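Here's the structure we're looking at; comments come further down.
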Amino acid sequence: MEVACPVAPADDWVARTAGEVRAEGERRHPGEAPTCASGISPSGPVHLGNLRELMVPHLVADEVRKQGVPCRHILSWDDYDRFRRVPAGFPPEFAGHIGRPLSAVPDPCGEHPNWAEHFKEPLRESLARLGVLVTEISQTRMYTSGAYAAQIVTAMRRRADIGAVLARYQTKRPAQAGADDPDDEEPRNAGTYYPFKPYCASCGRDDTTVTAFDDETSQITYTCACGARVGPVPVAEVAGKLVWKVDWPMRWAYEHVTFEPAGVDHSSPGSSFTVGGELVSEIFGGEMPLHFGYSFVGTTGSAKMSGSAGGAPTPSDALEIFEAQLVRWLYARRRPEQSITLAFDAEVGRVYDEWDKLTRNVADGSADAASQAVYARAAGTAEGPLPATPRPLPFRTLASVADITAGHQEQILRILRDLTTPDPVATLDEVRPRLDCAQAWVAGYVAPADRTQVREEPDKERLAVLTDGERRALEILAERMGGDWSLNGLTTLLYGIPKLQRGLPLDAPPTAELKAAQRAWFILLYQLLIGKDTGPRLPTLLLALGQDRIRVLLAPGDPVT
Ligand SMILES: [Zn+2]
Ligand SMILES: [Zn+2]
């Protein structure tokens, strides 16, 4: 679907929107901090697509704060919405709670107060790690405390006007009237339409039908599919909420929302946004927030090898393998109308390389202005910089080392010291959290067949049939590898052995014949060390194994007689 961002492609959309938010906030509510809003339904695991709902307003609110101006970013938890369906992977018995508020459904694990809190907690933790500062608003709390009592009465008294607006859009898009969306019931007849949906006093579900509302006394009467008949009672004493398309604009007015983007599905013509725009001014005396649609977030290679929970990956899944700054960067570098793809497969190494390159370019002043702005938004917030890895070694190197050592910490440190001569790392803390990310990635996303299994015993059969040339190459390696036991030294030696065997110096330029010989020589080493034709870079692999182990695995056996 086409998504239009009102900020021209040549403009910095964050800076431009932040400027508009300040100006519009000042015009609407002088002297008050402008409000950027996000809404999340804690109905199941909150995935990486939902994170965009938070990151887009966050980037704008943070930009305002970086200018020294207070800006509120509210996270409205839609925890008073009805429980619609049991998400994949949860016991089917929960279907018995369909129709109750998310905050009234039991917690699936037993450690949280209810279903909604179970899904809020991991997102809350991820937001803290990402430096996304929000003011949380629980809609359960707002509705049950009576905060919206006056707005509910207003909506009920103006039900015919609301019904007329909804009906107008309903006829424009009959095919899209929410068949799968009982919370979004649209009026067939504006005369008997009620925008307030009670949660039944008897069964707690919203299978209710309002049968009367007294405009004078604000008393409501309803029936429920369970057989309950309630009322007339004051609507203020009845649990329930405004239907979604009325609820949203009511809250825009209540919270003085200045800016609230939404996913493309909400911003098409005839959507909740269009309807809300009319209702907020006609019924609730507010103004529509500045807004635009943002596009989708996709992932590649995100199926975990452990096959644990399954389902779409969440922000905490992403934070296991990407540093927090990098996750911010993946969102900040795209314009709202551009989709985002987060890679969990072998592309992860390339993403880290790109980020490291950007970091270097910013440090040496060679990055252009747009890249510098994106970098600054990724690296920190108005509160300060986010944690970074003090010594950011290439992710691919760390992943290789984690792979070869199967996560053994002492071995990792020994190898990393050898890899970083002449200024060796002193402790693993210098390479964290990136090392932890690399370990989590190897454990979670590299197929067992692609991991490195070092041979326990020498490959006697292969060693017994070595050619004279192969035997000599292995001898040269064993004799000379200790001479410069470093990444550079081993690299030179490994490429150089086929040259030495041809009477050429180590620094001889490559030829086609040399390249073929090098390839065959590397395959022999991989076969003898890890039983495959390919693997981690050989110098890294040798450093990881150590000289003693290499000598054992490469020692030519007795010739077959
Ligand atoms: Zn729980
Ligand atoms: Zn009932």
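The values are calculated or read from the model by the stated rules, or taken from the named source; none is laboratory data. Note that this is a predicted model, so its numbers are computed, not measured. Reconstructed Cβ throughout: ideal geometry from the backbone, glycine too, with neighbour counts over all protein chains shown. These accessible areas exclude ligands, DNA and RNA; they are computed on the full protein's heavy atoms, side chains included. Shrake-Rupley method; radii C 1.70, N 1.55, O 1.52, S 1.80 Å.
Of the strands (runs of 3 or more DSSP E) entirely within region 226-298, those holding at least 3 residues that are within 23 Å of residue 197 (Cβ to Cβ) and open to solvent by 40 Å² or more (accessible area, probe 1.4 Å) occupy 229-234.
Go through the residues of region 548-555 one by one and say whether even a single one is outside any helix (DSSP H, G or I), modelled with pLDDT under 95 and either more than 39 Å from the chain's Cα centre (by Cα) or of a type outside the set (D, E, K, R) (or both).
Step one: filter region 548-555 for residues outside any helix (DSSP H, G or I), giving 555.
Next, only the ones that are modelled with pLDDT under 95 stay: 555.
Next, from what is left, pick out any that are either more than 39 Å from the chain's Cα centre (by Cα) or of a type outside the set (D, E, K, R) (or both): 555.
Checked against the condition, which is being outside any helix (DSSP H, G or I), modelled with pLDDT under 95 and either more than 39 Å from the chain's Cα centre (by Cα) or of a type outside the set (D, E, K, R) (or both), region 548-555 yields at least one hit.
Take residue 472 and decide whether it is closer than 18 Å to residue 521 by Cα and open to solvent by 30 Å² or more (accessible area, probe 1.4 Å). The answer is yes for residue 472. Can you pull out every residue in region 383-421 that is within 21 Å of the chain's Cα centre (by Cα) and assigned to a loop (DSSP other than H, G, I, E, B)? Correct list: 386, 387, 388, 389. Restricting the first member to region 99-114 and to residues that are touching a residue at least 12 places away in the same chain (Cβ under 8 Å), and the second to residues that are basic (Lys, Arg) and surrounded by fewer than 19 Cβ atoms within 10 Å (Cβ to Cβ), the beta-carbon pairs closer than 9 Å and six or more apart or on different chains are 99/84; 103/141.
Would you confirm whether any residue within region 83-94 is within 16 Å of ligand 1 (Cβ to nearest atom), closer than 23 Å to residue 136 by Cα and either among the aromatic types (Phe, Trp, Tyr) or modelled with pLDDT under 95 (or both)?
Within region 83-94, the subset within 16 Å of ligand 1 (Cβ to nearest atom) is 83, 86-87, 89-91, 93-94.
From what is left, the residues that are closer than 23 Å to residue 136 by Cα are 83.
Next, from what is left, pick out any that are either among the aromatic types (Phe, Trp, Tyr) or modelled with pLDDT under 95 (or both): 83.
Yes.
Name every residue in region 87-109 that is within 16 Å of ligand 2 (Cβ to nearest atom), part of a loop (DSSP other than H, G, I, E, B) and hydrophobic (A, V, I, L, M, F, W, C), in order of residue number. Selection gives 98, 105. Checked against the criterion of being at pLDDT 95 or above, within 19 Å of residue 160 (Cα to Cα) and among the hydroxyl-bearing types (Ser, Thr, Tyr), the candidates 192, 208, 217, 258 yield just one match: 217.
In this structure, does residue 545 turn out to be buried (at least 19 other Cβ atoms within 10 Å of the Cβ), touching a residue at least 12 places away in the same chain (Cβ under 8 Å), within 21 Å of residue 413 (Cβ to Cβ) and out of contact with any Gly (no Cβ under 7 Å at 6 or more places or on another chain)? Spell out the reasoning first.
On the way: buried (at least 19 other Cβ atoms within 10 Å of the Cβ): yes; touching a residue at least 12 places away in the same chain (Cβ under 8 Å): yes; within 21 Å of residue 413 (Cβ to Cβ): yes; out of contact with any Gly (no Cβ under 7 Å at 6 or more places or on another chain): yes.
Spelling it out, residue 545 is indeed buried (at least 19 other Cβ atoms within 10 Å of the Cβ), touching a residue at least 12 places away in the same chain (Cβ under 8 Å), within 21 Å of residue 413 (Cβ to Cβ) and out of contact with any Gly (no Cβ under 7 Å at 6 or more places or on another chain).
Within region 13-56, the set of residues being in contact (Cβ under 8 Å) with a residue 24 or more places away in the chain, among the acidic types (Asp, Glu) and surrounded by fewer than 20 Cβ atoms within 10 Å (Cβ to Cβ) comprises 20, 24, 32. Is at least one residue of region 24-44 more than 16 Å from ligand 2 (Cβ to nearest atom), out of contact with any strand residue (DSSP E or B) (no Cβ under 6 Å at 6 or more places or on another chain) and more than 27 Å from residue 249 (Cβ to Cβ)? No; the residues of region 24-44 include none that is more than 16 Å from ligand 2 (Cβ to nearest atom), out of contact with any strand residue (DSSP E or B) (no Cβ under 6 Å at 6 or more places or on another chain) and more than 27 Å from residue 249 (Cβ to Cβ).
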